[in-house]
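Before any comments, here is the structure.
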Amino acid sequence: MFNFDFSYLSLPKKFYSLTKPDLNPAAKVFILNDEICNKFNFTSNDKQKLISFLCSDLNHKKSYAQAYAGHQFGHFTNLGDGRAIIVGEHINLDNKRFDIQLKGGGLTKYSRNGDGKATLSSMLKEYLFSEVMHYLNISSSRSLAVIKTGDVINRNIKEYGSILVRIMKSHIRVGTFEYASYFGSSDDLKKITSYSINRLYPEIIKFDNPTLALLDLVMHKQIDLVVDWMRVGFIHGVMNTDNTSISAESFDYGPCAFINAYDPEKVYSSIDHNSRYAFGNQSRVLKWNILRFAEALLPIIDQSKDKSIQLAEAIINKFDKVWEEKYYDMMLKKIGLDSNDILLYPLVDELLLLMKKLKLDYTNTFYLLYQDNLDVNQISNNTNFIQWYKKWKTNVLKKKTLKEAKEIMKKHNPIFIARNHLVEEAIAKAVNGNVEPYNKLLGLLSNPYQHRNGHEKFLRPPTQKYEECFQTYCGT
Ligand code: AMP
Ligand code: MG
(Lines give C-alpha, C1' and ligand atoms only; values in the text may rest on other atoms or scores of the structure.)
(Ligands and ions follow the chains in the order given, each with its own letter.)
Protein backbone atom coordinates (compact mmCIF):
# COMPACT_ATOMS: atom_id res chain seq x y z
CA MET A 1 0.00 0.00 0.00
CA PHE A 2 2.54 2.55 1.13
CA ASN A 3 6.26 2.54 0.62
CA PHE A 4 7.37 4.41 3.73
CA ASP A 5 10.55 6.17 4.58
CA PHE A 6 11.26 8.50 7.52
CA SER A 7 13.91 10.92 6.30
CA TYR A 8 12.66 13.69 8.63
CA LEU A 9 13.95 11.66 11.56
CA SER A 10 17.50 12.28 10.35
CA LEU A 11 17.10 15.84 11.64
CA PRO A 12 18.03 16.69 15.24
CA LYS A 13 15.46 15.44 17.77
CA LYS A 14 14.19 18.91 18.55
CA PHE A 15 12.45 18.99 15.13
CA TYR A 16 9.96 16.23 15.90
CA SER A 17 8.47 14.00 18.50
CA LEU A 18 7.77 10.32 17.87
CA THR A 19 4.02 9.94 18.33
CA LYS A 20 1.54 7.14 17.81
CA PRO A 21 -1.80 8.15 16.35
CA ASP A 22 -4.86 7.45 18.41
CA LEU A 23 -7.18 5.55 16.11
CA ASN A 24 -9.84 3.16 17.20
CA PRO A 25 -10.30 -0.03 15.09
CA ALA A 26 -14.03 0.75 15.07
CA ALA A 27 -13.26 3.82 12.94
CA LYS A 28 -14.81 3.89 9.48
CA VAL A 29 -13.69 5.46 6.25
CA PHE A 30 -16.26 8.16 5.54
CA ILE A 31 -14.92 9.45 2.20
CA LEU A 32 -12.23 7.83 0.12
CA ASN A 33 -10.50 9.44 -2.82
CA ASP A 34 -10.61 6.89 -5.63
CA GLU A 35 -8.24 8.82 -7.85
CA ILE A 36 -5.56 8.90 -5.16
CA CYS A 37 -6.26 5.28 -4.15
CA ASN A 38 -5.16 4.23 -7.61
CA LYS A 39 -1.82 5.87 -7.02
CA PHE A 40 -1.33 3.71 -3.94
CA ASN A 41 -2.51 0.55 -5.64
CA PHE A 42 -5.58 0.01 -3.59
CA THR A 43 -9.21 0.41 -4.41
CA SER A 44 -12.29 1.75 -2.73
CA ASN A 45 -13.05 -1.85 -1.71
CA ASP A 46 -10.02 -1.78 0.55
CA LYS A 47 -11.42 0.74 3.04
CA GLN A 48 -10.98 -1.61 5.97
CA LYS A 49 -7.46 -2.35 4.82
CA LEU A 50 -6.63 1.34 5.13
CA ILE A 51 -8.08 1.51 8.66
CA SER A 52 -6.26 -1.68 9.71
CA PHE A 53 -3.04 -0.31 8.33
CA LEU A 54 -3.46 3.01 10.11
CA CYS A 55 -4.46 1.32 13.38
CA SER A 56 -1.64 -1.17 13.40
CA ASP A 57 0.94 -0.44 16.09
CA LEU A 58 3.50 -2.14 13.92
CA ASN A 59 3.29 0.74 11.48
CA HIS A 60 3.75 3.42 14.10
CA LYS A 61 7.23 2.76 15.34
CA LYS A 62 8.45 5.88 13.63
CA SER A 63 5.37 8.07 13.14
CA TYR A 64 6.01 11.62 14.29
CA ALA A 65 4.60 15.08 14.97
CA GLN A 66 6.63 18.03 13.74
CA ALA A 67 7.84 20.89 15.90
CA TYR A 68 7.48 24.41 14.56
CA ALA A 69 6.79 27.95 15.66
CA GLY A 70 5.15 30.78 13.80
CA HIS A 71 3.62 34.19 13.70
CA GLN A 72 -0.13 33.97 14.10
CA PHE A 73 -1.98 37.22 13.45
CA GLY A 74 1.37 38.98 13.77
CA HIS A 75 2.38 37.43 17.10
CA PHE A 76 5.13 34.89 17.60
CA THR A 77 4.12 31.57 19.19
CA ASN A 78 5.78 28.24 19.75
CA LEU A 79 3.53 25.66 18.11
CA GLY A 80 4.08 22.24 16.52
CA ASP A 81 1.64 19.66 15.20
CA GLY A 82 -0.93 19.73 17.96
CA ARG A 83 -3.10 17.16 16.26
CA ALA A 84 -1.32 15.99 13.14
CA ILE A 85 0.90 12.93 12.93
CA ILE A 86 2.96 11.94 9.94
CA VAL A 87 2.68 8.16 9.65
CA GLY A 88 5.35 7.98 6.97
CA GLU A 89 6.84 9.53 3.88
CA HIS A 90 5.57 7.56 0.91
CA ILE A 91 8.05 7.17 -1.95
CA ASN A 92 6.23 6.60 -5.21
CA LEU A 93 7.41 4.75 -8.30
CA ASP A 94 8.86 7.99 -9.69
CA ASN A 95 10.91 8.29 -6.53
CA LYS A 96 8.86 11.28 -5.35
CA ARG A 97 8.31 11.71 -1.62
CA PHE A 98 4.97 12.56 0.02
CA ASP A 99 4.08 12.98 3.69
CA ILE A 100 1.08 10.89 4.69
CA GLN A 101 -0.37 12.73 7.64
CA LEU A 102 -3.28 12.05 9.96
CA LYS A 103 -4.88 15.36 10.89
CA GLY A 104 -6.98 14.89 14.01
CA GLY A 105 -4.88 11.85 14.93
CA GLY A 106 -4.73 12.53 18.67
CA LEU A 107 -2.65 14.29 21.28
CA THR A 108 0.98 15.11 20.59
CA LYS A 109 3.72 16.78 22.59
CA TYR A 110 2.63 20.05 21.01
CA SER A 111 -1.11 19.86 21.72
CA ARG A 112 -0.99 22.58 24.42
CA ASN A 113 -4.61 22.91 25.60
CA GLY A 114 -6.15 21.21 22.58
CA ASP A 115 -7.58 17.68 22.48
CA GLY A 116 -5.63 16.59 19.38
CA LYS A 117 -8.86 15.85 17.56
CA ALA A 118 -10.73 17.23 14.59
CA THR A 119 -14.43 17.46 13.81
CA LEU A 120 -16.03 15.63 10.92
CA SER A 121 -17.44 18.86 9.48
CA SER A 122 -14.07 20.65 9.46
CA MET A 123 -12.24 17.71 7.88
CA LEU A 124 -14.97 17.37 5.24
CA LYS A 125 -14.37 21.03 4.46
CA GLU A 126 -10.61 20.56 4.23
CA TYR A 127 -11.04 17.47 2.02
CA LEU A 128 -13.37 19.35 -0.31
CA PHE A 129 -11.26 22.49 -0.57
CA SER A 130 -7.98 20.66 -1.14
CA GLU A 131 -9.55 18.70 -3.98
CA VAL A 132 -11.25 21.79 -5.41
CA MET A 133 -7.95 23.69 -5.45
CA HIS A 134 -6.21 20.78 -7.12
CA TYR A 135 -8.82 20.65 -9.90
CA LEU A 136 -8.56 24.42 -10.32
CA ASN A 137 -4.90 23.66 -11.20
CA ILE A 138 -3.61 25.26 -8.02
CA SER A 139 -0.87 23.62 -5.99
CA SER A 140 -2.44 22.11 -2.89
CA SER A 141 -2.26 19.39 -0.27
CA ARG A 142 -4.39 16.43 -1.34
CA SER A 143 -6.76 14.33 0.68
CA LEU A 144 -6.82 10.57 0.60
CA ALA A 145 -9.66 10.01 3.04
CA VAL A 146 -11.86 11.33 5.78
CA ILE A 147 -12.24 8.83 8.59
CA LYS A 148 -15.07 8.95 11.11
CA THR A 149 -13.38 7.89 14.30
CA GLY A 150 -16.42 6.92 16.33
CA ASP A 151 -15.55 9.51 19.01
CA VAL A 152 -17.81 12.35 19.98
CA ILE A 153 -15.82 15.49 20.71
CA ASN A 154 -16.60 18.69 22.54
CA ARG A 155 -16.64 21.95 20.66
CA ASN A 156 -19.40 24.56 21.07
CA ILE A 157 -21.65 21.58 20.58
CA LYS A 158 -20.85 17.88 20.56
CA GLU A 159 -19.48 16.83 17.17
CA TYR A 160 -18.31 13.66 15.49
CA GLY A 161 -14.57 13.12 15.63
CA SER A 162 -12.69 12.59 12.43
CA ILE A 163 -9.27 12.23 10.85
CA LEU A 164 -8.18 13.61 7.50
CA VAL A 165 -5.54 11.57 5.70
CA ARG A 166 -3.58 14.41 4.14
CA ILE A 167 -0.85 14.22 1.53
CA MET A 168 1.76 16.89 0.88
CA LYS A 169 5.14 17.11 -0.77
CA SER A 170 6.19 18.24 2.68
CA HIS A 171 4.73 19.96 5.71
CA ILE A 172 7.83 22.10 6.25
CA ARG A 173 6.74 25.69 6.67
CA VAL A 174 8.14 29.14 7.28
CA GLY A 175 7.34 28.40 10.93
CA THR A 176 9.71 25.40 10.89
CA PHE A 177 12.55 27.79 10.08
CA GLU A 178 11.39 30.30 12.68
CA TYR A 179 11.46 27.49 15.23
CA ALA A 180 15.02 26.52 14.25
CA SER A 181 16.16 30.13 14.27
CA TYR A 182 14.57 31.06 17.63
CA PHE A 183 15.08 27.83 19.56
CA GLY A 184 17.92 26.03 17.83
CA SER A 185 21.60 26.54 17.10
CA SER A 186 22.87 27.77 13.76
CA ASP A 187 23.78 24.15 13.10
CA ASP A 188 20.10 23.18 13.53
CA LEU A 189 19.14 25.92 11.13
CA LYS A 190 21.69 24.71 8.61
CA LYS A 191 20.36 21.17 8.94
CA ILE A 192 16.70 22.04 8.27
CA THR A 193 17.79 24.27 5.39
CA SER A 194 19.87 21.64 3.65
CA TYR A 195 17.23 18.98 4.39
CA SER A 196 14.55 21.18 2.76
CA ILE A 197 16.73 21.95 -0.23
CA ASN A 198 17.65 18.29 -0.76
CA ARG A 199 14.07 17.20 -0.44
CA LEU A 200 12.26 19.94 -2.33
CA TYR A 201 14.67 21.89 -4.49
CA PRO A 202 17.74 19.78 -5.30
CA GLU A 203 18.31 21.99 -8.34
CA ILE A 204 19.77 24.72 -6.09
CA ILE A 205 22.18 22.54 -4.09
CA LYS A 206 25.07 23.61 -6.28
CA PHE A 207 24.31 27.34 -6.18
CA ASP A 208 26.94 29.63 -4.62
CA ASN A 209 24.60 30.41 -1.75
CA PRO A 210 21.85 27.77 -1.60
CA THR A 211 20.25 29.39 1.48
CA LEU A 212 19.77 32.64 -0.38
CA ALA A 213 18.57 30.73 -3.44
CA LEU A 214 15.99 29.01 -1.22
CA LEU A 215 14.66 32.35 0.00
CA ASP A 216 14.41 33.60 -3.56
CA LEU A 217 12.75 30.44 -4.85
CA VAL A 218 10.22 30.16 -2.04
CA MET A 219 9.32 33.83 -2.50
CA HIS A 220 8.71 33.33 -6.24
CA LYS A 221 6.78 30.10 -5.76
CA GLN A 222 4.63 31.54 -2.99
CA ILE A 223 3.87 34.57 -5.18
CA ASP A 224 2.78 32.21 -7.98
CA LEU A 225 0.56 30.41 -5.51
CA VAL A 226 -1.14 33.44 -4.01
CA VAL A 227 -1.58 35.01 -7.47
CA ASP A 228 -3.42 31.82 -8.38
CA TRP A 229 -5.63 32.24 -5.31
CA MET A 230 -6.46 35.74 -6.56
CA ARG A 231 -7.31 34.30 -9.96
CA VAL A 232 -10.11 32.14 -8.58
CA GLY A 233 -11.24 34.44 -5.76
CA PHE A 234 -9.88 32.32 -2.91
CA ILE A 235 -9.30 33.76 0.56
CA HIS A 236 -7.16 31.51 2.73
CA GLY A 237 -8.25 33.27 5.89
CA VAL A 238 -5.30 32.36 8.15
CA MET A 239 -2.10 33.11 6.27
CA ASN A 240 0.02 32.69 9.38
CA THR A 241 3.66 31.77 8.89
CA ASP A 242 2.95 28.23 10.12
CA ASN A 243 0.46 27.90 7.26
CA THR A 244 2.95 29.09 4.61
CA SER A 245 4.61 26.01 3.19
CA ILE A 246 8.14 25.91 1.80
CA SER A 247 6.87 23.63 -0.98
CA ALA A 248 4.35 26.36 -1.90
CA GLU A 249 1.33 24.10 -1.55
CA SER A 250 -1.94 25.57 -0.30
CA PHE A 251 -2.88 23.81 2.93
CA ASP A 252 -4.72 24.08 6.25
CA TYR A 253 -8.12 24.97 4.94
CA GLY A 254 -9.72 26.41 8.05
CA PRO A 255 -11.80 29.56 7.71
CA CYS A 256 -11.12 29.81 3.97
CA ALA A 257 -13.73 30.75 1.38
CA PHE A 258 -14.27 31.84 -2.19
CA ILE A 259 -15.56 35.36 -2.69
CA ASN A 260 -18.87 35.95 -4.41
CA ALA A 261 -19.16 39.69 -5.19
CA TYR A 262 -15.76 41.22 -5.88
CA ASP A 263 -14.51 43.15 -2.90
CA PRO A 264 -10.80 43.37 -2.03
CA GLU A 265 -11.75 44.08 1.58
CA LYS A 266 -13.81 40.93 1.90
CA VAL A 267 -13.21 38.84 5.02
CA TYR A 268 -15.27 35.79 5.98
CA SER A 269 -13.31 34.58 8.96
CA SER A 270 -14.99 35.25 12.30
CA ILE A 271 -11.62 35.71 14.02
CA ASP A 272 -10.03 38.09 11.51
CA HIS A 273 -11.20 41.24 13.27
CA ASN A 274 -8.63 43.56 11.69
CA SER A 275 -9.07 42.24 8.14
CA ARG A 276 -5.44 41.15 8.18
CA TYR A 277 -6.23 38.28 5.78
CA ALA A 278 -8.76 40.09 3.56
CA PHE A 279 -8.91 39.03 -0.11
CA GLY A 280 -7.00 42.05 -1.39
CA ASN A 281 -4.49 41.99 1.46
CA GLN A 282 -3.08 38.57 0.66
CA SER A 283 -0.07 39.93 -1.25
CA ARG A 284 0.93 42.17 1.67
CA VAL A 285 0.55 39.33 4.16
CA LEU A 286 2.58 37.04 1.95
CA LYS A 287 5.37 39.62 1.80
CA TRP A 288 5.24 39.92 5.58
CA ASN A 289 5.51 36.12 5.89
CA ILE A 290 8.43 35.95 3.47
CA LEU A 291 10.13 38.65 5.52
CA ARG A 292 9.82 36.38 8.56
CA PHE A 293 11.37 33.59 6.49
CA ALA A 294 14.26 35.88 5.53
CA GLU A 295 14.77 36.89 9.17
CA ALA A 296 14.85 33.28 10.25
CA LEU A 297 17.51 32.50 7.64
CA LEU A 298 19.73 35.52 8.44
CA PRO A 299 22.15 33.66 10.77
CA ILE A 300 23.19 31.32 7.95
CA ILE A 301 22.99 33.45 4.81
CA ASP A 302 26.43 34.88 5.45
CA GLN A 303 28.92 34.89 8.32
CA SER A 304 28.62 38.65 8.52
CA LYS A 305 25.30 39.83 9.88
CA ASP A 306 25.37 43.02 7.82
CA LYS A 307 26.09 41.11 4.63
CA SER A 308 23.25 38.67 5.41
CA ILE A 309 20.83 41.55 5.84
CA GLN A 310 22.03 43.18 2.66
CA LEU A 311 21.66 39.96 0.63
CA ALA A 312 18.23 39.13 2.04
CA GLU A 313 17.02 42.68 1.50
CA ALA A 314 18.05 42.56 -2.14
CA ILE A 315 15.68 39.61 -2.57
CA ILE A 316 12.79 41.01 -0.54
CA ASN A 317 13.10 44.30 -2.42
CA LYS A 318 12.13 42.45 -5.58
CA PHE A 319 8.85 41.27 -4.06
CA ASP A 320 6.59 44.15 -5.14
CA LYS A 321 7.81 44.15 -8.72
CA VAL A 322 7.56 40.37 -9.06
CA TRP A 323 4.09 40.40 -7.52
CA GLU A 324 2.92 43.19 -9.82
CA GLU A 325 4.16 41.43 -12.94
CA LYS A 326 2.74 38.06 -12.03
CA TYR A 327 -0.54 39.47 -10.78
CA TYR A 328 -1.25 41.54 -13.90
CA ASP A 329 -0.04 38.74 -16.12
CA MET A 330 -2.70 36.53 -14.55
CA MET A 331 -5.44 39.20 -14.56
CA LEU A 332 -4.77 40.04 -18.21
CA LYS A 333 -5.21 36.36 -19.07
CA LYS A 334 -8.55 36.47 -17.29
CA ILE A 335 -9.60 39.03 -19.88
CA GLY A 336 -8.04 37.17 -22.79
CA LEU A 337 -4.74 39.03 -23.15
CA ASP A 338 -1.58 37.01 -22.90
CA SER A 339 0.96 39.76 -23.47
CA ASN A 340 2.10 41.35 -20.25
CA ASP A 341 2.10 45.01 -21.22
CA ILE A 342 2.13 47.61 -18.47
CA LEU A 343 -0.03 49.88 -20.64
CA LEU A 344 -2.81 47.30 -20.34
CA TYR A 345 -2.81 47.27 -16.51
CA PRO A 346 -5.42 50.08 -16.26
CA LEU A 347 -7.81 47.87 -18.21
CA VAL A 348 -7.71 45.38 -15.35
CA ASP A 349 -7.94 48.06 -12.65
CA GLU A 350 -10.90 49.76 -14.31
CA LEU A 351 -12.83 46.52 -14.62
CA LEU A 352 -12.18 45.62 -10.97
CA LEU A 353 -13.27 49.07 -9.87
CA LEU A 354 -16.51 48.67 -11.77
CA MET A 355 -17.05 45.21 -10.37
CA LYS A 356 -16.54 46.49 -6.86
CA LYS A 357 -18.88 49.42 -7.35
CA LEU A 358 -21.60 47.31 -8.92
CA LYS A 359 -20.99 44.42 -6.46
CA LEU A 360 -20.58 42.01 -9.34
CA ASP A 361 -19.92 38.35 -8.80
CA TYR A 362 -16.20 37.73 -9.40
CA THR A 363 -16.48 34.30 -11.03
CA ASN A 364 -19.59 34.94 -13.09
CA THR A 365 -18.44 38.29 -14.50
CA PHE A 366 -15.39 36.77 -16.18
CA TYR A 367 -17.40 33.77 -17.30
CA LEU A 368 -20.14 35.92 -18.82
CA LEU A 369 -17.56 38.15 -20.46
CA TYR A 370 -16.04 35.27 -22.36
CA GLN A 371 -19.44 33.91 -23.20
CA ASP A 372 -20.52 37.30 -24.52
CA ASN A 373 -23.58 36.82 -22.41
CA LEU A 374 -23.53 40.00 -20.42
CA ASP A 375 -27.17 40.75 -21.06
CA VAL A 376 -28.06 38.59 -18.13
CA ASN A 377 -25.84 40.75 -16.00
CA GLN A 378 -26.62 44.19 -14.68
CA ILE A 379 -23.44 45.67 -16.17
CA SER A 380 -24.55 45.55 -19.77
CA ASN A 381 -26.53 48.81 -19.37
CA ASN A 382 -23.93 50.63 -17.38
CA THR A 383 -22.34 53.43 -19.42
CA ASN A 384 -18.97 53.06 -17.70
CA PHE A 385 -19.00 49.41 -18.45
CA ILE A 386 -20.00 49.96 -22.10
CA GLN A 387 -16.98 52.25 -22.44
CA TRP A 388 -14.72 49.69 -20.77
CA TYR A 389 -16.08 46.91 -22.99
CA LYS A 390 -15.30 48.91 -26.15
CA LYS A 391 -11.79 49.61 -24.92
CA TRP A 392 -11.30 45.96 -24.02
CA LYS A 393 -12.46 44.76 -27.43
CA THR A 394 -10.22 47.25 -29.25
CA ASN A 395 -7.22 46.12 -27.22
CA VAL A 396 -7.96 42.45 -27.75
CA LEU A 397 -8.41 42.91 -31.51
CA LYS A 398 -5.03 44.62 -31.73
CA LYS A 399 -3.40 41.36 -30.69
CA LYS A 400 -5.69 38.50 -31.68
CA THR A 401 -9.17 37.46 -32.69
CA LEU A 402 -11.95 37.49 -30.14
CA LYS A 403 -12.18 33.71 -30.48
CA GLU A 404 -8.51 33.32 -29.52
CA ALA A 405 -8.97 35.65 -26.56
CA LYS A 406 -11.92 33.62 -25.37
CA GLU A 407 -9.87 30.44 -25.46
CA ILE A 408 -7.37 32.06 -23.10
CA MET A 409 -10.17 33.24 -20.84
CA LYS A 410 -11.69 29.79 -20.74
CA LYS A 411 -8.46 28.34 -19.38
CA HIS A 412 -8.04 30.92 -16.66
CA ASN A 413 -11.60 31.51 -15.46
CA PRO A 414 -13.38 28.75 -13.57
CA ILE A 415 -17.13 28.42 -14.00
CA PHE A 416 -17.83 26.47 -10.83
CA ILE A 417 -16.30 27.39 -7.49
CA ALA A 418 -16.98 26.10 -3.98
CA ARG A 419 -19.51 28.74 -3.04
CA ASN A 420 -19.94 28.98 0.71
CA HIS A 421 -23.67 28.35 0.84
CA LEU A 422 -23.31 25.19 -1.25
CA VAL A 423 -20.39 23.93 0.82
CA GLU A 424 -22.19 24.55 4.10
CA GLU A 425 -25.32 22.79 2.94
CA ALA A 426 -23.46 19.78 1.53
CA ILE A 427 -21.34 19.34 4.66
CA ALA A 428 -24.31 19.66 7.02
CA LYS A 429 -26.13 16.94 5.09
CA ALA A 430 -23.05 14.70 4.95
CA VAL A 431 -22.52 14.96 8.71
CA ASN A 432 -26.14 13.89 9.14
CA GLY A 433 -25.57 10.83 7.00
CA ASN A 434 -26.55 11.97 3.51
CA VAL A 435 -23.31 12.22 1.53
CA GLU A 436 -24.96 12.45 -1.87
CA PRO A 437 -25.05 16.29 -2.14
CA TYR A 438 -21.41 16.43 -0.93
CA ASN A 439 -20.31 13.91 -3.56
CA LYS A 440 -22.32 15.71 -6.22
CA LEU A 441 -20.70 19.02 -5.37
CA LEU A 442 -17.26 17.43 -5.33
CA GLY A 443 -17.94 15.80 -8.70
CA LEU A 444 -18.98 19.09 -10.25
CA LEU A 445 -16.00 20.93 -8.80
CA SER A 446 -13.64 18.28 -10.12
CA ASN A 447 -14.18 19.80 -13.53
CA PRO A 448 -14.54 23.50 -12.74
CA TYR A 449 -13.74 24.94 -16.18
CA GLN A 450 -16.37 22.93 -18.01
CA HIS A 451 -19.94 24.16 -18.32
CA ARG A 452 -22.63 21.58 -17.76
CA ASN A 453 -26.31 22.13 -18.37
CA GLY A 454 -28.70 21.64 -15.54
CA HIS A 455 -26.30 22.92 -12.90
CA GLU A 456 -27.34 26.58 -12.90
CA LYS A 457 -28.00 26.40 -9.15
CA PHE A 458 -24.27 25.97 -8.62
CA LEU A 459 -23.47 29.14 -10.58
CA ARG A 460 -25.67 31.39 -8.50
CA PRO A 461 -24.21 33.40 -5.63
CA PRO A 462 -26.16 33.32 -2.36
CA THR A 463 -28.67 36.00 -1.47
CA GLN A 464 -27.20 39.30 -0.32
CA LYS A 465 -28.56 38.68 3.16
CA TYR A 466 -26.80 35.30 3.37
CA GLU A 467 -23.59 36.84 2.08
CA GLU A 468 -23.69 39.67 4.62
CA CYS A 469 -24.20 37.31 7.55
CA PHE A 470 -22.02 34.42 6.47
CA GLN A 471 -18.88 33.84 8.49
CA THR A 472 -16.35 31.04 8.46
CA TYR A 473 -14.92 29.55 11.62
CA CYS A 474 -11.68 27.76 12.33
CA GLY A 475 -14.14 25.07 13.43
CA THR A 476 -11.36 22.77 14.46
P1 AMP B 1 -4.27 25.64 12.49
O2 AMP B 1 -5.12 26.83 12.79
O3 AMP B 1 -5.08 24.41 12.13
O4 AMP B 1 -3.18 25.94 11.52
O5 AMP B 1 -3.61 25.25 13.88
C6 AMP B 1 -2.78 26.11 14.62
C7 AMP B 1 -2.08 25.34 15.68
O8 AMP B 1 -3.00 24.82 16.64
C9 AMP B 1 -1.31 24.12 15.18
O10 AMP B 1 -0.16 23.98 15.94
C11 AMP B 1 -2.28 22.99 15.41
O12 AMP B 1 -1.65 21.74 15.47
C13 AMP B 1 -2.90 23.41 16.74
N14 AMP B 1 -4.25 22.84 16.93
C15 AMP B 1 -5.38 23.15 16.24
N16 AMP B 1 -6.42 22.43 16.69
C17 AMP B 1 -5.96 21.64 17.69
C18 AMP B 1 -6.54 20.66 18.54
N19 AMP B 1 -7.83 20.34 18.49
N20 AMP B 1 -5.74 20.05 19.45
C21 AMP B 1 -4.44 20.36 19.54
N22 AMP B 1 -3.83 21.27 18.77
C23 AMP B 1 -4.56 21.90 17.84
MG1 MG C 1 -1.70 25.27 10.57
Exercise. Which one of 100, 31 is away from ligand 1 (no atom under 16 Å from the Cβ), in contact with a helix residue (DSSP H, G or I) (Cβ under 7 Å, 6 or more places away or on another chain) and under 30 Å from residue 237 (Cα atoms)?
Worked result: 31
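State yes or no: is residue 39 touching a residue at least 12 places away in the same chain (Cβ under 8 Å), within 14 Å of ligand 2 (Cβ to nearest atom), under 22 Å from the mean Cα position of the chain (by Cα) and within 14 Å of residue 145 (Cα to Cα)?
So residue 39 does not fit the description; no.
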Exercise. What is the number of the single condition among (1) under 19 Å from the mean Cα position of the chain (by Cα); (2) away from ligand 1 (no atom under 14 Å from the Cβ); (3) under 25 Å from residue 273 (Cβ atoms) that residue 144 does not meet?
Worked result: (3)
Exercise. Can you find a residue in segment 223-238 that is at pLDDT 95 or above and touching a His at 6+ places or on another chain (Cβ under 7 Å)?
Worked result: yes
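Could you look through segment 231-249, keep only residues that are in contact with a Leu (Cβ under 6 Å, 6 or more places away or on another chain) and not in a helix (DSSP H, G or I), and pick out the one that is surrounded by the fewest Cβ atoms within 10 Å (Cβ to Cβ)?
Among residues in segment 231-249 that are in contact with a Leu (Cβ under 6 Å, 6 or more places away or on another chain) and not in a helix (DSSP H, G or I), the one surrounded by the fewest Cβ atoms within 10 Å (Cβ to Cβ) is 248.
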For this session: Return yes or no: is residue 91 more than 16 Å from ligand 2 (Cβ to nearest atom), surrounded by fewer than 18 Cβ atoms within 10 Å (Cβ to Cβ) and of a type in the set (Val, Ile, Thr)?
Result: yes
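Conditions tested, residue by residue: (1) more than 16 Å from ligand 2 (Cβ to nearest atom); (2) over 12 Å from the mean Cα position of the chain (by Cα); (3) not in a loop (DSSP other than H, G, I, E, B).
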position: 176; (1), (2), (3): no, yes, yes
position: 182; (1), (2), (3): yes, yes, yes
position: 190; (1), (2), (3): yes, yes, yes
position: 212; (1), (2), (3): yes, yes, yes
position: 217; (1), (2), (3): yes, yes, yes
position: 229; (1), (2), (3): yes, no, yes
position: 252; (1), (2), (3): no, no, no
Exercise. When both residues are 6+ apart or on different chains and their Cβ atoms are under 8 Å apart, which pairs have a first residue that lies in segment 249-269 and is farther than 29 Å from residue 172 by Cβ and free of Cβ contacts under 8 Å to residues at least 60 places away in the same chain, and a second that is of a type in the set (A, V, I, L, M, F, W, C) and surrounded by fewer than 22 Cβ atoms within 10 Å (Cβ to Cβ)?
Worked result: 265/278; 266/278
Seminar exercise, completed: Residue pairs qualifying under the 7 Å Cβ cut-off, at least six apart or on distinct chains, with the first in segment 284-312 being surrounded by 15 or more Cβ atoms within 10 Å (Cβ to Cβ) and modelled with pLDDT of 95 or more and the second being among the basic types (Lys, Arg) and not in a helix (DSSP H, G or I), are 285/276
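The values are calculated or read from the model by the stated rules, or taken from the named source; none is laboratory data. Quick caveat: nothing in here was measured; it's all calculated off a predicted structure. Reconstructed Cβ throughout: ideal geometry from the backbone, glycine too, with neighbour counts over all protein chains shown.
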